Amino acid sequence: MIRVGISGVGAVSAAGLGADCLWRAARDGVSGISELSLPRGEGLHVRLAGQVPDFEAAADLPAAVARRCDRFTQFAHVAVAEALRQAGLADAQLDGPRTAVVVGTSIGGTQTIDDGTYDFYRGHRLNPLAIPTLIPSAVASHLSITHGVTGPCFVVSSACSSAGQAIGTALQLIRAGLVDRVIAGGAEACITPVTVKMWEMLRVLSPDRSRPFCSDRNGMTLGEGAGALILESEAALAARGATPLAWLAGYGTSSDARDIVQPDLDGAVAAIEAALADAGLSPAGIDYINAHGTGTVLNDANEAAAIHRVFGARAAELPVSSTKPVIGHTFGASGALELIVAIGALREKVVPPQINITTPDPKCALFLPPVAAERPLAAVLSNSFAFGGINACLVVTAAAP
């Protein structure tokens with residue numbers, strides 16, 4: 001089987017601009033959740049969110065590009081540019097059909113939709129390019145245009161598993177020999193007045209703070225951002241004398257086929273087991289789990305039960321933590337941003353803490369490290385479980401020093 005390495009990563013999140021900012025915040029337990037700052041958001045009850053701080057599209061992108069992009073695509077441009085710099089790849093090396101772009105997003109151009117609807121009902125002029133700006137595929141198309149990629153180019157939209165499935169699909173494209181490298185990841189920017197209100201109506205937003213796997217957990221916090229990863233075949237890396245940050249070793253996905261919002265134990269277990277099998281690992285081979293961990297009652301209980309079923313007695317000592325209290329739930333971007341945290345843990349041999357712990361839920365019974373801890377990490381599992389029963393799990397393993 002063709003081995004696939006991750007040669008570069010980039011991130012835009014509530015922790016700031018850059019993958020290093022994201023990793024440091026997760027490692028040090030520093031939350032980017034803050035008071036919601038949102039025009040037309042005066043009637044909202046939930047006042048916390050993981051918004052990207054001080055993001056100015058005009059400062060980070062060429063003006064012509066920024067004008068044609070919704071906020072989620074702007075985030076993706078910045079994250080991909082960082083990932084390519086770290087990978088040491090120029091656009092000339094991406095040009096042609098042997099590179100692909102596969103990006104996950106849950107909704108797409110939410111900001112454009114919200115602003116356009118508001119302008120329409122107030123009788124204001126609409127953006128004539130609103131449609132090509134808001135469509136979910138805009139993010140992949142803009143990236144392919146910017147970097148001259150003429151290979152496969154598409155978006156995966158599967159709610160909170162979007163980025164996980166996009167990265168897993170990218171892995172399969174390379175393994176199949178269809179391409180040599182893929183710009184992969186996820187992007188989301190759905191913190192708008194209407195979207196926040198809709199989440200409020202589902203009664204899954206925390207009014208104070210997200211605290212996954214705690215007995216008094218009361219919901220999640222919304223987030224936004226983008227995560228980008230450059231995936232390359234082992235041969236492509238060797239041809240240019242590059243070394244990977246980590247190997248993308250396994251991918252598993254499944255469908256609960258049960259309920260549009262309620263998670264299912266068998267579906268989560270199937271995705272975890274498929275990712276382990278794809279990586280050629282037994283449950284004993286995983287050293288840390290970056291959990292989906294939304295902080296909602298049903299999701300956390302289901303994920304904990306799945307971990308116990310797969311890992312058995314090891315579940316009591318296997319470190320588990322969720323990144324969502326640090327940056328919020330970024331939906332279609334979450335699988336990419338959280339995989340970047342998993343890679344950081346793997347490379348520094350440090351398990352990020354589970355912040356906001358109050359009273360751990362005895363029904364979950366997981367090992368939730370309250371502070372960062374050094375561990376001999378060789379393989380990390382990252383989980384994404386979505387509305388509609390769509391599950392995606394990824395395994396990364398350490399590259400040789």
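Stokes-Einstein D for region 53-179 at 4 °C, 1.567 mPa s, Kirkwood Rh over Cα pairs, in µm²/s?
Answer from the Stokes-Einstein relation: 83 µm²/s.
Provide Rg over Rh for the chain; use the alpha carbon set for both Rg and the Kirkwood Rh (inverse mean inverse pair distance). List each step's numbers first, then the result.
Details: Rg = 19.6 Å, Rh = 20.6 Å.
With Rh from the inverse mean 1/r over Cα pairs, Rg/Rh is 0.95.
Beyond 20 Å, how much of the Cα-Cα pair distribution for region 250-396 remains, as a whole percent?
The calculated P(r) of region 250-396 puts 41 percent of pairs beyond 20 Å.
Can you give the FRET efficiency for THR358 and LEU126, using 1/(1 + (r/R0)^6), R0 = 51 Å, r = Cβ-Cβ distance, to the nearest 0.05?
The calculated FRET efficiency here is 0.65.
For GLU56 and VAL194 in one chain, what is 0.36 nm times their gap in residues minus the Cα-Cα distance, to one decimal in nm?
Taking GLU56 through VAL194 to full extension adds about 47.4 nm, to one decimal.
Return a whole-number percent for the relative contact order of the chain, with Cα pairs under 8 Å and 6 or more residues apart as the contact set.
24
Once every DSSP H run of n ≥ 4 in the chain is given -39500 (n - 2.57) and the sum is divided by its residues, what mean residue ellipticity at 222 nm do you get, rounded to the nearest 500 deg cm²/dmol?
Helices in the chain give a 222 nm mean residue ellipticity of -10500 deg cm²/dmol.
Quote the FRET efficiency, to the nearest 0.05, computed for ARG67 versus THR243 with a Förster distance R0 of 35 Å and r equal to the Cβ-Cβ distance.
After rounding, the FRET efficiency stands at 0.35.
Within 10 Å of each residue's Cβ, count the other Cβ atoms and sort SER254, SER210, SER141, SER161 from fewest upward.
Ascending Cβ contact count within 10 Å gives the list SER141, SER254, SER210, SER161.
When the gyration tensor of region 250-328 is built from Cα positions, what are the square roots of 5 times its three eigenvalues, in whole Å, from largest to smallest? Provide the component values of the computation, followed by the final result.
Numbers: eigenvalues 73, 55, 28 Å².
Here the semi-axes work out to 19, 17, 12 Å.
Place a +1 charge on the Cβ of each Lys and Arg in the chain and a -1 charge on the Cβ of each Asp and Glu, then give the dipole magnitude about the Cα centre in debye, rounded to the nearest 20.
Computed about the Cα centre, the dipole is about 160 debye.
What order do you get for 238-248, 100-110, 388-398, 33-43 when each peptide is scored by the mean count of other beta carbon atoms within 10 Å, highest first?
Working: 238-248: 16.6, 100-110: 28.6, 388-398: 25.3, 33-43: 13.2.
For the peptides 238-248, 100-110, 388-398, 33-43, the packing ranking is 100-110, 388-398, 238-248, 33-43.
Hey, rough spin-label estimate for ALA316 and VAL297, points 7 angstrom out along Cα→Cβ, what's it come to in nanometres?
2.8
Assigning unit charges at the beta carbon (Lys, Arg +1; Asp, Glu -1) and nothing else, what dipole magnitude in debye, to the nearest 20, does region 4-239 show about its Cα centre?
360
How high is the relative contact order of region 4-239, in percent, with contacts defined as C-alpha pairs under 8 Å that are six or more residues apart?
31
Measuring from centroid to centroid over Cα atoms, what is the spacing of region 383-401 and region 344-375 in Å?
18
In the chain, if the dipole is taken from +1 on Lys/Arg beta carbons and -1 on Asp/Glu beta carbons about the Cα centre, which of SER322, THR195, ALA236 is farthest to the positive end?
The one lying farthest along the dipole's positive direction is ALA236.
Per residue, what volume in Å³ does the convex hull of the Cα atoms of region 4-239 enclose?
Cα-based convex hull of region 4-239, divided per residue, equals 134 Å³.
When you count, for each residue, the other Cβ atoms within 10 Å and take the mean per peptide, how do 147-157, 298-308 rank with the highest first?
Top to bottom by mean Cβ count within 10 Å: 298-308, 147-157.
Stretch ASP259-THR117 to full length: gain in nm at 0.36 nm per residue minus the Cα-Cα span?
Contour length minus the Cα-Cα distance gives 48.1 nm.
Select from PHE120, ALA271, GLY168 the residue farthest towards the positive end of the dipole of the chain; place +1 on Cβ of Lys and Arg, -1 on Cβ of Asp and Glu, and compute about the Cα centre.
Of the candidates, GLY168 comes out farthest on the positive side.
Rule-based calculations on the coordinates, nothing more; no lab input. A quick note: this is a predicted structure, and the numbers were derived from the prediction, not measured. Every residue, glycine as well, gets a Cβ built from its backbone with ideal geometry; the counts of neighbours run over all protein chains shown.
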